[in-house]
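Taken together, the values in this text are just the output of simple stated rules run on the coordinates, not laboratory data. What you see is a predicted model; the values in this text were computed from it and never measured. Heads up, the Cβs are rebuilt from the backbone with ideal geometry, glycines too, and the neighbour counts pull from every protein chain shown.
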Amino acid sequence: MYSTCIHCHASLGANETIEQFPVGRRLAFDPAKGRLWVICPQCRQWNLSPLDERWEAIESAERLYRDSKLRASTDQVGLARMRDGTELIRIGAPVLPEMAAWRYGPRFETRYRRHVIGVAAAATIVGGYLVAGPVLGVVAGGAWGAPMNVLSLGRILVGARRVVARIDDEEGPGTLTSWHLATSRVIALPDDPLRWGISIQVKRQDVAIGRYGKVADAKDPRITLSGERARAAAGMILTRANSTGGRRRAVDDAVRLLERFDSPQRGYLQAAAIFRNEGSSMKRGGIAALPIELRLAMEMATHEESERRALEGELAALEASWKEAEEIAAIADSLTLPEQVLTRLERLAGRL
Ligand SMILES: [Zn+2]
């Protein structure tokens, strides 16, 4: 078995994923044609594996690919990332249903619980700010009637002035405080590719995250975010809104809810329907006031989708290199010479 690249002689690395074929960190396989390549980490060229070594390895690769929860595919190329970091690139018609890939299942629960424990300490403070939002909605409106102690007043002022995120758009810089986060809503945008967006109030000022700006005001303009901006804002708001985590039952409910979603957008469309139907009572607390199992499920779907999209970004490049490698493989297979001989010939040629 070879361990260096035919093209550049760099080491192909090793994996612990495929017992029968421990060479390479990135393996490409075509189960229909029985081909297996190791992709060189250095020059990105595809190295065809010798005939006698590939069959069992292809079977294992196919099994691991089907079991993988983290995978993405186009019409001809699929990519799955294994737990040890090994990547499997599958050539051929996609394994259905691809949608199962973004579903979390029990593995997520464990991860989420760990996350919940991790943020518990910080969450108390963040939770305070988020509670302050709806209260300040009244304050900023001019009704200073309710008696407040110094602590809660302090929290409210911090929450209304400290910039936690920025949204810079065509109109210029925009800042968000915890107060602004509480004005967030999910809205349906039927004509947009994403089909949903975020409506939120912003302060038009150029202040860095973590700094203090002007106090939030009920008159701050409301803007609509779509596409990438909506995704980014939703991720940030959900992370904060869910930072206190959920009790076991809420997390279980969220996982069940997520499993019923027929697309990653489903949670957002449900949230948009709640904002539309429930009116002002929902609008006070923003996204943080949505039912906890829905908020958790939306965050789970968002994480899963962003990982999947990162994989998809690599697919186009992979498809191009596969076509090239496929031509070489077709020639190699049509020759009667064993490939190991061919490999040696190529190596010899490289030295001449
Ligand atoms: Zn190479």
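Taking other C-beta atoms within 10 angstrom as a stand-in for reagent exposure, I6, I187, I39 fall in the order I187, I6, I39, fewest first.
Sorting the segments 225-233, 22-30 by their mean number of nearby beta carbons within 10 angstrom, highest to lowest, gives 22-30, 225-233. Taking a straight Cα-Cα cut-off under 30 Å and skipping sequence neighbours fewer than 8 places away in the same chain, the lysines within cross-link reach of K323 are K33, K69. Here the peptides 293-303, 195-205 are ranked by packing, the mean other Cβ count within 10 Å, and the order with the highest first is 293-303, 195-205. Working from label points 7 Å from Cα in the Cα-to-Cβ sense, the Q205 to A273 distance is 4.0 nm. Each residue, K33 and Y212, gets one label point 7 Å from its Cα in the Cβ direction; the gap between the two is 6.6 nm.
Based on alpha-carbon atoms only, what is the radius of gyration of region 219-273 relative to the globular estimate 2.2 N^0.38 Å?
Details: Rg = 13.6 Å, N = 55, 2.2 N^0.38 = 10.1 Å.
My calculation over the Cα atoms of region 219-273 gives 1.34.
Using DSSP to define loop residues, name the trypsin sites (Lys or Arg not before Pro) in region 39-81 whose beta-carbon has at most 10 other beta-carbon atoms within 10 Å.
Within region 39-81, no trypsin sites (Lys or Arg not before Pro) qualify (loop, at most 10 other Cβ atoms within 10 Å).
Within the same chain, lysines fewer than 8 places from K203 are excluded, and of the rest, those with a Cα less than 16 Å from its Cα are K214, K219.
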